[in-house]
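One structure is given here, and the rest of the page talks about it.
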Amino acid sequence: YPESAEIHNNLGILYNETKLLDSTVYYFNRAKAYASSSTEHVPIANLIGILGKTGFLNEADSIAKNHSFESDLPYINNKLAINTRLGIESDKPLTKSFLPDSILSKIQFAYLNNYTLNTLKNPDTSVLGTIANFSKYSGNQEFSNELKMLEAYKAYYTGDKAWAKSIMDLLRNLSSTPQQYSKIMGTWMLELRQHELAVEYFKDFRNLPDIPNKLNLGIALLKSGNTNEGLEVLNELKEVKEEGSKEIIEDLLLIFTTHDFNKVMSWEGSLRYQYLHYKKHSLTKDQLSTLFQSFSDANLKTLAGVELMDYYLNLNQPEEALTYWNIINKQNSAGEQAIREANYQHLVLLLQQQNWDELTRVLPEVAIPEERKFDLNWFKALTAEAKGDTAAAREYFNEILNKNPFAEKAIVSATEFFNKRGQELYAYEKLLEALKLNPVSKELQIAYFLQSLKLNLTSYAESALQDLKPVLQADEYAKYKQLLDQALNDETL
């Protein structure tokens, strides 16, 4: 049977098992050529799958675009997997006819998995109900952890960070190989700028030969202010030869071991920017200004301006931040991500200026970084409150409190909002929930300490201040200790 599509397809499968790519592709192509219109979907699905798995994504995508077998599940699975890796989101809803009522087969689970991963950022969360339905059947025990992970992924990317973290922490705690979950959670925490939490997850790689995640541990330590430990990790990796990691390690070691500002000014632009990113808190105002002025590239200048806006806004100095906004707002040739970062800092600036009219104008259409889009509820809540729309403000604040324990500033604002309305206990309970998911947040710990005092829970406040002591400056600790002492004194009167 020299022209048998079935034989050539089977030969392709056999050669795939021996990792002989050229022969695999050859036989799948021959099978496609010999197949009838009713059977060609089989070798085409296989061809798309093997090209995708071996990195030939554009070639696989090209074949998928030239054929359409919308009722063939292997073809759909491979097409979804390829599109996910290419960043192409499906415009079709979940096809329920591909799925059973209760017990999933491997190929059916693969469809649910591929569809969910392909549409993670789609705001439609109806797939969560489908996942939950399959999770309740003991016959799907084989896919139990994978279904939970899909639920966590979808929750994270559609805004329910609290639920996503709860699921992943549970899986991590129950697993004999927690690193698979630590890697995902550490990456998410870096993305959310939760560097202390990222450290807690990446610590699982401290003594393992996993270079990318050990490097992430070093970066998280540096970003969280644990410079000595971060440099210790980087020094352990300085002999690494892997392209990409090697350059990052060398750059970071150079940044943290160079103390001559004039030498820094002789570096190329991207390295100077990294120096500003990591070292801005240790530089003088003049040095910060000099570094900013040194950038001629529009993208780097915008990113440098973002760093300085963030720096001054955290110091509650909006007038300084405005100076840099007025400059970078004119950098029209900056990259999209840099512009989005600048827009976010502009929203924070408007918030500190209490410019509610301008916030109302820009909020509906402003483009900010994808990982910050759920922070928009903070700006909307405070704007609604300022304009007297208490119901809308309450709705936005509750959304934050229920779904995002990493939006510390927004949670503090929500606490103040509910305190003003006599709901101190509710605010306390929500702070406690946020702290369970984000226990290393200094801002949340301080808010919890102050809320405990407000409710005369002095023993809880005393315990909270003890936990805070290692991360507070001496003058900060003295200020909060004085508040606690006054509360304890009032109790004895």
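The values are calculated or read from the model by the stated rules, or taken from the named source; none is laboratory data. Bear in mind the structure is a predicted one, so any value in this text is a computation, not a measurement. Every residue, glycine as well, gets a Cβ built from its backbone with ideal geometry; the counts of neighbours run over all protein chains shown.
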Residue selected from region 440-449 under the condition of a type outside the set (Ser, Thr, Tyr) and more than 13 Å from residue 463 (Cβ to Cβ), by the criterion surrounded by the most Cβ atoms within 10 Å (Cβ to Cβ): 447
Residue 132 of a type in the set (A, V, I, L, M, F, W, C), exposed (fewer than 13 other Cβ atoms within 10 Å of the Cβ), assigned to a helix (DSSP H, G or I) and out of contact with any Gly (no Cβ under 6 Å at 6 or more places or on another chain): yes
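Could you say which residue among 301, 280 is closer than 19 Å to residue 330 by Cα and either among the basic types (Lys, Arg) or assigned to a helix (DSSP H, G or I) (or both)? Spell out the reasoning first.
Numbers: 280 fails: closer than 19 Å to residue 330 by Cα.
It is 301.
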Index of the failed condition, residue 121 passing every other in (1) surrounded by fewer than 18 Cβ atoms within 10 Å (Cβ to Cβ); (2) in a helix (DSSP H, G or I): (2)
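Does residue 387 meet the test of being at pLDDT 95 or above and basic (Lys, Arg)?
Values: at pLDDT 95 or above: yes; basic (Lys, Arg): yes.
Considered against the rule, which asks whether it is at pLDDT 95 or above and basic (Lys, Arg), residue 387 comes out as yes.
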Test: residue 480 is free of Cβ contacts under 8 Å to residues at least 60 places away in the same chain, crowded, with 19+ Cβ neighbours inside 10 Å and touching a Leu at 6+ places or on another chain (Cβ under 7 Å): yes
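Let's see how each residue does on (1) assigned to a helix (DSSP H, G or I); (2) in contact with a Ser or Thr (Cβ under 7 Å, 6 or more places away or on another chain); (3) under 20 Å from residue 150 (Cα atoms):
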{"residue": "55", "(1), (2), (3)": "no, no, no"}
{"residue": "60", "(1), (2), (3)": "yes, no, no"}
{"residue": "68", "(1), (2), (3)": "no, no, no"}
{"residue": "79", "(1), (2), (3)": "yes, no, yes"}
{"residue": "84", "(1), (2), (3)": "yes, no, yes"}
{"residue": "88", "(1), (2), (3)": "no, no, yes"}
{"residue": "91", "(1), (2), (3)": "no, no, yes"}
{"residue": "108", "(1), (2), (3)": "yes, no, yes"}
{"residue": "116", "(1), (2), (3)": "yes, no, yes"}
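Yes/no per residue for (1) surrounded by 12 or more Cβ atoms within 10 Å (Cβ to Cβ); (2) out of contact with any Gly (no Cβ under 9 Å at 6 or more places or on another chain); (3) not charged (D, E, K, R):
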| residue | (1), (2), (3) |
| --- | --- |
| 56 | yes, yes, yes |
| 66 | no, yes, yes |
| 71 | no, yes, yes |
| 83 | yes, yes, yes |
| 91 | no, yes, no |
| 94 | yes, yes, yes |
| 98 | yes, yes, yes |
Subset of region 331-367 (residues that are small (Gly, Ala, Ser) and part of a helix (DSSP H, G or I)): 338, 342
So residue 312, is it free of Cβ contacts under 8 Å to residues at least 60 places away in the same chain, assigned to a helix (DSSP H, G or I) and closer than 23 Å to residue 219 by Cβ: no
Residue count for region 185-197, restricted to those that are within 21 Å of residue 148 (Cα to Cα) and either among the aromatic types (Phe, Trp, Tyr) or surrounded by 19 or more Cβ atoms within 10 Å (Cβ to Cβ) (or both): 4
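What helices (runs of 4 or more DSSP H) completely inside region 368-466 contain at least 2 residues that are within 27 Å of residue 353 (Cα to Cα) and among the hydroxyl-bearing types (Ser, Thr, Tyr)?
Correct list: 390-403, 408-420.
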Listing of helices (runs of 4 or more DSSP H) fully contained in region 136-217 that carry 2 or more residues being in contact with a Gly (Cβ under 9 Å, 6 or more places away or on another chain) and touching a residue at least 12 places away in the same chain (Cβ under 8 Å): 195-202
Test: residue 395 is among the acidic types (Asp, Glu), within 26 Å of residue 192 (Cβ to Cβ), in contact with a Phe, Trp or Tyr (Cβ under 8 Å, 6 or more places away or on another chain) and at pLDDT 95 or above: no
Criterion: surrounded by fewer than 20 Cβ atoms within 10 Å (Cβ to Cβ) and closer than 27 Å to residue 186 by Cα - qualifying residue of 424, 433: 433
Residue satisfying condition, being within 27 Å of the chain's Cα centre (by Cα) and closer than 30 Å to residue 294 by Cα, within set 376, 322, 363, 351: 351
Unmet criterion (only one of (1) modelled with pLDDT of 95 or more; (2) assigned to a loop (DSSP other than H, G, I, E, B)) for residue 256: (2)
Residues that are part of a loop (DSSP other than H, G, I, E, B) and closer than 23 Å to residue 225 by Cα, drawn from region 283-298: 283, 284
Unmet requirement for residue 210, which otherwise passes all of (1) surrounded by 17 or more Cβ atoms within 10 Å (Cβ to Cβ); (2) over 24 Å from residue 405 (Cα atoms); (3) not polar (S, T, N, Q): (1)
Single match in 106, 65 (criterion: basic (Lys, Arg) and at pLDDT 85 or above): 106
Unmet criterion (only one of (1) surrounded by 15 or more Cβ atoms within 10 Å (Cβ to Cβ); (2) under 22 Å from residue 383 (Cα atoms)) for residue 334: (2)
Verdict on residue 387 being surrounded by fewer than 22 Cβ atoms within 10 Å (Cβ to Cβ), touching a residue at least 60 places away in the same chain (Cβ under 8 Å) and within 25 Å of residue 360 (Cα to Cα): no
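Table: residues versus (1) surrounded by 13 or more Cβ atoms within 10 Å (Cβ to Cβ); (2) in contact with a His (Cβ under 8 Å, 6 or more places away or on another chain); (3) at pLDDT 95 or above.
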residue: 222; (1), (2), (3): yes, no, yes
residue: 229; (1), (2), (3): yes, no, yes
residue: 233; (1), (2), (3): yes, no, yes
residue: 239; (1), (2), (3): no, no, no
residue: 243; (1), (2), (3): no, no, no
residue: 251; (1), (2), (3): yes, no, yes
residue: 266; (1), (2), (3): no, no, yes
residue: 284; (1), (2), (3): no, no, yes
residue: 295; (1), (2), (3): yes, no, yes
